[in-house]
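Working notes, beginning with the structure itself.
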Protein chains: 2
Amino acid sequence: MSFSVTILGSNSAVPTHERFPTAQVLNVHERFFLIDCGEGTQIRLKQFGINLSRINRIFISHLHGDHVFGLFGLMSTFTLLGRKNELHIHAHSDFGASLEHYKKYFGTGLCYDIVFHPFRTTKTEVIYDDKHLAVELIPLRHSVPVAGFIFREKAKLLNVKKETILKYSLSIKDIRKIKEGSDFVTGTGEVIPNSHFTLPPLKPRSYAFCTDTLMFSKLKSLLKEIDLLYFESTFCETDRKLAKITGHTTAAQAARLAHEVNAGRLIMGHFSTRYKNTDVFEKEAREIFPESHAVKDGEKFVIPQVRMELPV
Amino acid sequence: MSFSVTILGSNSAVPTHERFPTAQVLNVHERFFLIDCGEGTQIRLKQFGINLSRINRIFISHLHGDHVFGLFGLMSTFTLLGRKNELHIHAHSDFGASLEHYKKYFGTGLCYDIVFHPFRTTKTEVIYDDKHLAVELIPLRHSVPVAGFIFREKAKLLNVKKETILKYSLSIKDIRKIKEGSDFVTGTGEVIPNSHFTLPPLKPRSYAFCTDTLMFSKLKSLLKEIDLLYFESTFCETDRKLAKITGHTTAAQAARLAHEVNAGRLIMGHFSTRYKNTDVFEKEAREIFPESHAVKDGEKFVIPQVRMELPV
């Protein structure tokens, strides 16, 4: 079952010839979620072989152009492709006005429903929840309201060992209960522990997307044990003052956070155009948190599925 | 003195992995005019090595997203680059609402003046005029009001032959008048014709940009003797019905027009994504007008400077 993120744009506001502004696509069990939608997102999706029509839900972190200006073109393309499925957009409530403007001036022929899910960024809350995934909004700190998003895979049904099922001649109902985690009680009242029938559970995976924010201490409690942590690193430590003034983070700050929350891996992006290449970010971050990586447009990060280690 | 156009985007509304939506940049004597501004225009400008800050004036043919959605990101980038120069935008008057929306929701920190030159597309008129260039709007026919633009280089001062000036001991004032085309009258009243002092005049060059339009007969009189004619060829003749329904033109129609107006060269673009490659457009057009070319993103077309042939 997939759980991976593909980087569509890795630069900060001013794009370069090879780095587009922010956009990512998260694949959770072959369902595709777009996170931010900077200019050129639809072009990147095509360049990286991702079928546009697979995207049904979009999360926009904040209303700066480099995170949202690709959405209008994408919406128009959906019309030209004859889209029928609803398109769900989660964004700050102020984005309602832009959607209305789009519909009025550029939405001729719109052939699908846009379902807008406005949010505020005043508190941590779950803004999306389905069978496989929950999305948690966490307030970040920038010049405008910004949301971080934590994507948490739900626990799956347990995998049963075929031979034990056969041994006890279990009914379909029994098997279902065991998959859900129950122990089994035999006809004689004997309790067979669930672990006798099942493989250790698969560890639910998590991805956190945090961009355009100052570093602040509360993040340590919000981002504990995240498997893959995307954290903006617009600047290096040499430009720390500039980071603070502009409401951004340095690679070292991101790496310290990743270390403190025991992240599985740190991926950094939203690089300022002032840096000629991104090696400086990796060098700075890896001294603090070795599992740090400066992303490139087109890179895909897979979070592998692993089984929990159960106490013996 | 330069007179060239660089293609920034050559596809119709749905971009492909290698063809961006419509945008071009016209270089007239090292002054850069942007024509249309589809999504990703600023990225293309960077990829093709064109300095963004050289762009001071933008002409938008019509208000479909694939011709204008790149403008918002470009305006934001100008702010981030600390632009001081005015930015002049010529577009249909309805675009005023989008500019106001941009300024209200995305224009924080805007550090330069946007001068909006609204137009209507009801009649042919000159919408821009300076020392070197005049821009003529011609109404086209599509599902929304569309303008074509003819860029006409102004006649330059004549080049004088040094030896004749020395021979007649001309004053600076005399030379100026001769450069402007006057004959010279000597102290004894003898009239020396201008052509004795000057090289044949440079032929003023012209570029016409016509996109998103049905073909119609009036274009024959509007586009006479254009040096370089860009005409949309969204479809081939096999899809002529579709062209008509959607308000577009076929390659053969564009080529016939180029032939009838005695264009110097035809360049075609705005290709529908249904065609795998653009050879079909060239093949179709060249049978009618051999100097036809299907453009690619990044291509530059130079109109050479030639001297007029004067009657002997």
Original post:
How far apart, in nm, are two points set 7 Å out from the Cα along the Cα-to-Cβ line at A:S53 and at B:E100?
Top reply: 3.9
**OP:** Give me the distance between the Cα centres of the stretch A:243-268 and the stretch B:212-274, rounded to whole Å.
**Re:** 54
Original post:
Of A:I114, A:I245, A:I267, which has the largest mean-square fluctuation in a 10 Å C-alpha GNM of chain A?
Top reply: A:I245
Subject >> Where labels lie 7 Å past Cα in the beta-carbon direction, separation of A:L157 and B:N85 in nm >> reply: 6.6
Subject >> Shortest-first distances to equivalent copies, position B:E86, nm, label 7 Å out along Cβ >> reply: 4.9
Original post:
Considering every pair of different Cα atoms, what Kirkwood radius, in Å, is found for the stretch B:87-228?
Top reply: 19.1
**OP:** Would you please give the FRET efficiency between A:D174 and A:R307, computed as 1/(1 + (r/R0)^6) with r the Cβ-Cβ distance and R0 = 30 Å, to the nearest 0.05?
**Re:** 0.85
Subject >> Peptide A:78-84, shielding by other chains (average Cβ, 10 Å cutoff) >> reply: 2
**OP:** Would you mind getting me the FRET efficiency between B:R141 and A:H17? Use the beta-carbon distance for r and R0 = 56 Å, nearest 0.05.
**Re:** 0.95
Subject >> Principal axis dimensions, largest first and in whole angstrom, of the protein assembly as shown by Cα >> reply: 134, 58, 36
**OP:** State, as an integer percentage, the relative contact order of the stretch A:1-46 based on alpha-carbon contacts under 8 Å between residues 6 or more apart.
**Re:** 36
Original post:
Between the stretch A:37-56 and the stretch B:72-134, what is the C-alpha centre distance in whole Å?
Top reply: 28
**OP:** Would you compute, from DSSP H runs of 4+ residues alone, the mean residue ellipticity of chain B at 222 nm, taking -39500 (n - 2.57) per run and dividing by the full residue count, rounded to the nearest 500?
**Re:** -6500 deg cm²/dmol
Subject >> Length-normalised contact order for chain A - Cα pairs under 8 Å, 6+ apart - percent >> reply: 17
Original post:
For the pair A:K241 and B:E225, what calculated FRET efficiency results from E = 1/(1 + (r/R0)^6), where r is the Cβ-Cβ distance and R0 = 51 Å, to the nearest 0.05?
Top reply: 0.25
Subject >> Loop-resident sites, the stretch A:1-101, for trypsin sites (Lys or Arg not before Pro), counting at most 12 other Cβ within 10 Å (DSSP) >> reply: A:K84
Original post:
Which semi-axes, in whole Å and largest first, does the equivalent ellipsoid of the stretch B:130-187 have when worked out from the alpha carbon gyration tensor as the square roots of 5 times its eigenvalues?
Top reply: 43, 9, 7
Subject >> Distance cut-off 25 Å, percentage of C-alpha pairs in the stretch A:1-115 lying past it >> reply: 16
Original post:
Using 7 Å Cα-to-Cβ label points, what is the B:K276/A:E291 separation (nm, one decimal)?
Top reply: 4.5
Original post:
Taking square-rooted eigenvalues a ≥ b ≥ c of the alpha carbon gyration tensor, is chain A rounded, prolate or oblate, where a/c under 1.5 means rounded and, failing that, a/b exceeding b/c means prolate?
Top reply: oblate
Subject >> Ascending list, in nanometres, of distances separating the B:K104 label from those of the other copies (7 Å, Cα toward Cβ) >> reply: 0.7
Original post:
Hey, if you put +1 on the Cβ of every Lys and Arg and -1 on every Asp and Glu Cβ in chain B, which of B:L133, B:L157, B:I267 ends up farthest toward the positive end of that dipole?
Top reply: B:L157
Original post:
Between B:V160, B:V261, B:V185, which gets the highest mean-square fluctuation from a Gaussian network model of chain B, Cα cutoff 10 Å?
Top reply: B:V185
**OP:** Pull out a ≥ b ≥ c, the square roots of the eigenvalues of the alpha-carbon gyration tensor of the stretch B:3-66, then state rounded if a/c is under 1.5, prolate if not and a/b is larger than b/c, and oblate in the remaining case.
**Re:** prolate
Subject >> Per-selection Rg to Rh, the stretch A:219-312 - Cα, Kirkwood hydrodynamic radius >> reply: 1.03
**OP:** Report, as an integer, the average count of C-beta atoms from other chains found within 10 Å of each Cβ along A:43-50.
**Re:** 4
Subject >> Most mobile of A:E136, A:E18, A:E232 in a GNM of chain A (Cα contacts under 10 Å) >> reply: A:E18
Original post:
Inter-copy label distances at B:K283, 7 Å along the Cα→beta-carbon direction, one decimal in nm, shortest first?
Top reply: 5.4
Original post:
When we measure straight from the Cα of B:K296, which lysines land under 21 angstrom away, once same-chain ones fewer than 8 places off are left out?
Top reply: A:K46, B:K46, B:K276, B:K283
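Read-outs: derived from the displayed coordinates by stated rules, not from any lab. Remember, predicted model here, so these are calculated numbers, not experimental data. Please note: Cβ atoms are built from the backbone with ideal geometry, for glycine as well, and neighbour counts cover all protein chains shown.
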